[in-house]
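The values are calculated or read from the model by the stated rules, or taken from the named source; none is laboratory data. What you see is a predicted model; the values in this text were computed from it and never measured. A quick note on method: Cβ atoms are made from the backbone with ideal geometry, for glycine too, and the neighbour counts reach across all protein chains shown. Ligands, DNA and RNA are excluded from the accessible area calculation, which covers all protein heavy atoms including side chains. Shrake-Rupley method; radii C 1.70, N 1.55, O 1.52, S 1.80 Å.
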Amino acid sequence: MRGGPSVLGIVLAGGEGKRLMPLTADRAKPAVVFGGTYRLVDFVLSNLVNGDILRVCVLTQYKSHSLDRHVTTTWRMSSLLGNYVTPVPAQQRLGPRWYSGSADAILQSLNLVHDEQPDYIVVFGADHVYRMDPRQMLQQHIDNGAAVTVAGIRVPRAEAASFGVITPARDGTRVESFLEKPSDPPGLPGAPDKVFASMGNYIFTTKVLVDTLQQDAENEDSAHDMGGSILPMLTERGMAQVYDFDDNHVPGETPRDHGYWRDVGTLDSYYEAHMDLISDQPVFSLDNRRWPIYTRPGGLPPAKFCAGGIAGESIVSPGCVIRGQVTQSVLSPGVTVEEGAVVQNSVLHDNVRVGRGAVVRGAVLDKNVDVPPGATIGVNPERDEELYTVSPGGVIALGKGQTVPM
């Protein structure tokens, strides 16, 4: 932020993503394709870069090759101005061990902080779908003289068990308590059916973060996690504040997608977030040119519709060839749908081929899946259960290159 405080961005991108299997069988969760042409990591990086946070380290660990390659080939900043987005793999700087938690990941990467010597450190997660201007959260953090500020979003109290829950003090800003996935948390004042869920986005004053990480490292009973360890520690000391995500506004937003945020850590939430994209007035619009989501251009030709092929209420990426019928679906680059084939309510990743007369319904197919002519997915539930991964919500998922029997 030229002329302002020095800020370093740290993106936590090292999680395994087990709940997104089989999409994470061969890649880290932040590298999973979303919305046809994007990777999940593109959303947080676009928010940081659009918000003038131009020095960003992406901490990686599990199955990171696809993620590392995407970041290094896509996110090229101006070296003339000293800006960068760089992947930082686990380096075992503190001994022969991998990261034991998100806090330990930053502890083992403090050389990045010592090199930059920032005034503030923005620590964001890498696998959520949303738009956010981090400058507004940073300004509140600076104005209040906070040690740490955590972004909170209002969610139904019934969903609290899936999140870290923030209880604000009477002033509405200081965090009074932080509960990790509670079964029966208190509701918000004036909105007893709602709670503040942590978005996994934090802003720290640098010295506080460094000191707290070092103290946490000495606690053998700690999980060494940002949400489960660091934030509760600072909350107990009265040093944590909450930022209400509803107060955040980005240029070009609509009343419909203001405040949109999705944790896409499960197959059901991943699928539902895709269904949010495809209507004429989408719940979340990818088309905001004043706050764009950036990704790598693929250099493919425009999508082609031929032999009577049609698509409705769908996203069809470059390089697709549609000869069949596609409805309410999201197609990544290079997808082919042959004559007589039907694709409904599905998400198809790169280079999926749906053969002549085949049917795909309510499914997520990872890249390079070849559906033979006449085959069906999403038609026979018992057969699908035997052959494929089926989520609790009924979403059928096929992994990268998985074979589809006739």
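What to note about this one:
- Residue in the range 280-294 that is of a type in the set (Lys, Arg), in a loop (DSSP other than H, G, I, E, B) and surrounded by fewer than 15 Cβ atoms within 10 Å (Cβ to Cβ) present: yes
- Subset tally (residues that are open to solvent by less than 70 Å² (accessible area, probe 1.4 Å), more than 12 Å from residue 108 (Cα to Cα) and either touching a Cys at 6+ places or on another chain (Cβ under 7 Å) or modelled with pLDDT of 90 or more (or both)) for the range 208-222: 5
- Residues within the range 70-97 that are modelled with pLDDT of 90 or more and surrounded by 14 or more Cβ atoms within 10 Å (Cβ to Cβ), tallied: 11
- Flag if residue 360 is within 26 Å of residue 279 (Cα to Cα), surrounded by 15 or more Cβ atoms within 10 Å (Cβ to Cβ) and not aromatic (Phe, Trp, Tyr): yes
- Evaluation of residue 42 against (1) among the acidic types (Asp, Glu); (2) open to solvent by 20 Å² or more (accessible area, probe 1.4 Å); (3) within 16 Å of the chain's Cα centre (by Cα) (one fails), failing number: (2)
- Every residue from the range 138-154 that is open to solvent by less than 10 Å² (accessible area, probe 1.4 Å) and closer than 23 Å to residue 191 by Cα: 149, 150, 151, 152
- When residues in the range 5-18 are screened for being modelled with pLDDT of 80 or more and open to solvent by 20 Å² or more (accessible area, probe 1.4 Å), 4 of them pass.
- Counted residues, the range 196-212 - those being of a type outside the set (A, V, I, L, M, F, W, C) and in a strand (DSSP E or B): 5
- Subset of the range 310-326 [among the small types (Gly, Ala, Ser) and open to solvent by 40 Å² or more (accessible area, probe 1.4 Å)]: 311
- Only one of the numbered conditions (1) part of a strand (DSSP E or B); (2) open to solvent by 40 Å² or more (accessible area, probe 1.4 Å) is not met by residue 307, and that is (1).
- Of all residues in the range 327-354 being among the hydroxyl-bearing types (Ser, Thr, Tyr), within 16 Å of residue 35 (Cα to Cα) and without any contact (Cβ under 8 Å) to a residue 60 or more places away in the chain, the one that is most open to solvent (accessible area, probe 1.4 Å): 327
- Yes/no for residue 166 being over 21 Å from residue 236 (Cβ atoms), under 25 Å from the mean Cα position of the chain (by Cα) and in a strand (DSSP E or B): no
Conditions tested, residue by residue: (1) part of a loop (DSSP other than H, G, I, E, B); (2) within 18 Å of residue 208 (Cβ to Cβ); (3) not aromatic (Phe, Trp, Tyr).
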| residue | (1), (2), (3) |
| --- | --- |
| 224 | yes, yes, yes |
| 229 | no, yes, yes |
| 232 | no, yes, yes |
| 251 | yes, no, yes |
| 255 | yes, no, yes |
| 262 | no, no, yes |
| 265 | yes, no, yes |
| 270 | no, no, no |
| 273 | no, no, yes |
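- Residue satisfying condition, being within 14 Å of the chain's Cα centre (by Cα), of a type in the set (A, V, I, L, M) and over 28 Å from residue 206 (Cα atoms), within set 12, 20, 48: 20
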